[in-house]
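Input: a single structure, listed below in structure tokens.
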Amino acid sequence: EPCFNGYIYITDGDWAIHSTDLTLVKESGINLFDTVEIRQQYLPSGSDLWIIKNQWIYITAKIFAFDITGTMTALYNNQKVNQPIPDTIFHKKLVSIYDKTANKKDTAYWNDMHLLPLEADEAKNFRVQDSLNRRVTSEEYLDSTRRKGNKLKVGDILFSGKTLYTAHKRNALSFNSLLFMANYNIVEGANLSPNLNWRHRVDTGKYLTVNTVGRYGFSNTHFNQIARIYYTAEEKHWKGRRWLFGVEGGQYVFQCNPANPVSPLLNSLDALLFHENELKLYQRKEIAGVVERRYGNGFAWVARFSWQDRSLLAPTTQYSLFSGSDASFYTNQPGNLNLVTPWENNKAALLHIGISWKPGVTYVQYPDYKQAEQSKLPLFQLSADKGTPGIGGSVSDFAKYRFGISDNMNLKLLGGLSYNLAIGGFLYSNYVSVPDLNTPYGNRGFGIATPYMSSFQFMPVYGYGNKASLYEEAHIEYKMKGLLSNKLPLLRQARMYLSVGGSAYYVNDKNYYTEAYVGLDNLGWKAVRIFRLDFVQSWDSNLGHNSGLRLGISAGNGFTFSVNGSGSETHSEW
């Protein structure tokens, strides 16, 4: 079972914990370490209160060919427990406070307070580490490593991309690799989209960032360029509290679904190898401004106004390594959306406002700054979009909203429960273009999973777009972790976890989609266990169903992954 082995010593009479001597091993279900041993001792502090005095942790691990052992010892003195916190507006939410001089003590203080004498190897290690620290923090060393790190290699250009720094990392210039720059589709043919990002540190916590993306299609011979400039200012004494101001403009190619559900890289393989094309593109001229405010307390808002000139692009090539008869390969029209809103080239003046709130945030006051701790309450999100006619030839005339609640609940030994629930719809829809429809996040390509808590694994990418006054969306997933798999011999030894879940999208009796899945999580080798494999079954209002396997990256193991890679903190799609 995923439990400690060992002893807990209880004081006779008052039933307080006196000390512990506990051990975790591989069979307990831990991934990274082979053994973790914890010893603690508690002492009385006042009546009916025992507090920790010291803690000793010993670990062993084998990562690839390296055997690792380590010990960590902590002594606790002068703790103040359950005592009043100075009267501030946040006094009820501060869970821990560190003295402002805690990291500024001199040698005399530590000689007096260091109650554990150093071992000979510890004393030697401190001298070595102190000398190394002086060396690696010197300007001469930092400048030499920066110059060495700025040297370009073939792998940087082909696979990984590169970031180049000036002295003191005041400026950083990044570019993407050829692997993620090159794509293929039926509209542009082979295309390249170099991405350059320059960031300048104005002052502590204040940055000016310029990001520009070019794109050239060798078949349609179109060149596009778009850029954004934005300024961020984070408060020095409150981590996560910041302003962002930005402008964007240019001409570029976008997916007809602003969620970017189709991976350009995977669609390139689909088109070249399987004669299929799910990537539906339009060209957009745009100028936009954005303001974002994060308060560092779980509340944030963003506002973005843009003017757009949209035009659908026509296919210019049908080249594929293999022949086929898939209809999607010969048209750039986005699926069944013509039945809802026929595509027309149009101009649009659009306002987007988004609000997010995660209540129950608490804080830790460090010597130099305050930082929020993760809240256990759900995240609430509300967004509104407005298309206004008459501005610069805009014909868009609609208003829509979306309200969502999501959470990842830790159920301890029972596993974890995640959910993402939402409702939304159009308040009115006098003129709605295809990119403004309510189009859920679908996935029909290549057996690779899209994010489980926001997408649908077998939904046609453009099959369920609508401008209904109300829709409902739900994603629920239960990760059992070791709850059942620890009882099954083969899964127990392999440390595979079971998970089940489902998603649903409902507009009306003639427009709905549901799916359910069961899978194995925590797949991998030794410490690298980031994969999952699910069997998915779907049902929909078209009297159809699909089933199959999806391979994904498990966000529950501390990793997130998207093959689309289109997220942006400024509510833009590129």
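The values are calculated or read from the model by the stated rules, or taken from the named source; none is laboratory data. Fair warning: this is a prediction, and the values are worked out from it, not measured in the lab. Cβ placement follows ideal geometry from the backbone for every residue including glycine, while neighbour counts extend to all protein chains displayed. Each accessible area value is taken on the protein alone, full model and side chains, heavy atoms only, with ligands, DNA and RNA left out. Shrake-Rupley method; radii C 1.70, N 1.55, O 1.52, S 1.80 Å.
For S499, state whether it is open to solvent by less than 10 Å² (accessible area, probe 1.4 Å), in a strand (DSSP E or B) and under 27 Å from L411 (Cβ atoms).
Working: open to solvent by less than 10 Å² (accessible area, probe 1.4 Å): yes; in a strand (DSSP E or B): yes; under 27 Å from L411 (Cβ atoms): yes.
The answer is yes for S499.
Within the range 8-46, the set of residues being in a strand (DSSP E or B), of a type in the set (S, T, Y) and either in contact with a Ser or Thr (Cβ under 6 Å, 6 or more places away or on another chain) or over 28 Å from L414 (Cβ atoms) (or both) comprises Y9, S19, T35, Y42.
From the list F180, F175, pick out the single residue that is in contact (Cβ under 8 Å) with a residue 60 or more places away in the chain and either farther than 26 Å from D270 by Cβ or open to solvent by 60 Å² or more (accessible area, probe 1.4 Å) (or both). Give the steps one after another, and end with the answer.
Values: F175 fails: in contact (Cβ under 8 Å) with a residue 60 or more places away in the chain.
The unique qualifying residue is F180.
Here D270 clears all of (1) open to solvent by less than 30 Å² (accessible area, probe 1.4 Å); (2) of a type outside the set (G, A, S); (3) within 19 Å of V213 (Cβ to Cβ); (4) in a helix (DSSP H, G or I) except the condition numbered (3). Of the strands (runs of 3 or more DSSP E) lying entirely inside the range 328-377, the ones with 2 or more residues being aliphatic (A, V, I, L, M) and either open to solvent by less than 70 Å² (accessible area, probe 1.4 Å) or more than 30 Å from K100 (Cα to Cα) (or both) are found at 346-357.
For residues that are within 30 Å of L520 (Cβ to Cβ) and open to solvent by less than 20 Å² (accessible area, probe 1.4 Å), tally how many sit in the range 428-441. Step through it out loud before you land on a result.
First, the residues of the range 428-441 that are within 30 Å of L520 (Cβ to Cβ): 440-441.
Then drop every residue that is not open to solvent by less than 20 Å² (accessible area, probe 1.4 Å), which leaves 440.
Here the count works out to 1.
Given the condition polar (S, T, N, Q), on the phi > 0 side of the Ramachandran plot and either open to solvent by 30 Å² or more (accessible area, probe 1.4 Å) or part of a loop (DSSP other than H, G, I, E, B) (or both), answer yes or no: does some residue in the range 202-224 qualify? Lay out the reasoning, then the answer.
Kept after step one, since they are polar (S, T, N, Q), are these residues of the range 202-224: 204, 209, 211-212, 219-221, 224.
In the following step, the residues that additionally are on the phi > 0 side of the Ramachandran plot were identified as 221.
Narrowing further to those that are either open to solvent by 30 Å² or more (accessible area, probe 1.4 Å) or part of a loop (DSSP other than H, G, I, E, B) (or both): 221.
The answer is yes, given that some residue of the range 202-224 is polar (S, T, N, Q), on the phi > 0 side of the Ramachandran plot and either open to solvent by 30 Å² or more (accessible area, probe 1.4 Å) or part of a loop (DSSP other than H, G, I, E, B) (or both).
One residue stands out in the range 518-544 among those that are assigned to a strand (DSSP E or B) and closer than 15 Å to Y505 by Cβ: the one that is most open to solvent (accessible area, probe 1.4 Å), namely W539.
For the range 442-470, give me each residue that is in contact with a Phe, Trp or Tyr (Cβ under 7 Å, 6 or more places away or on another chain), among the hydroxyl-bearing types (S, T, Y) and open to solvent by less than 30 Å² (accessible area, probe 1.4 Å). Hits for the range 442-470 are T450, S455, Y464. Has the range 44-54 got at least one residue that is open to solvent by 50 Å² or more (accessible area, probe 1.4 Å), among the charged types (D, E, K, R) and more than 33 Å from the chain's Cα centre (by Cα)? Yes, some residue in the range 44-54 is open to solvent by 50 Å² or more (accessible area, probe 1.4 Å), among the charged types (D, E, K, R) and more than 33 Å from the chain's Cα centre (by Cα).
Note on the range 231-255: among residues that are touching a residue at least 60 places away in the same chain (Cβ under 8 Å) and in contact with a Ser or Thr (Cβ under 8 Å, 6 or more places away or on another chain), the one that is surrounded by the most Cβ atoms within 10 Å (Cβ to Cβ) is E248. Can you find even one residue in the range 355-363 that is in contact with an Asp or Glu (Cβ under 7 Å, 6 or more places away or on another chain) and either of a type in the set (F, W, Y) or free of Cβ contacts under 8 Å to residues at least 24 places away in the same chain (or both)? For the range 355-363, residues in contact with an Asp or Glu (Cβ under 7 Å, 6 or more places away or on another chain) and either of a type in the set (F, W, Y) or free of Cβ contacts under 8 Å to residues at least 24 places away in the same chain (or both): present. For the condition open to solvent by less than 40 Å² (accessible area, probe 1.4 Å), over 22 Å from the mean Cα position of the chain (by Cα) and either under 30 Å from F535 (Cβ atoms) or among the aromatic types (F, W, Y) (or both), F398 qualifies.
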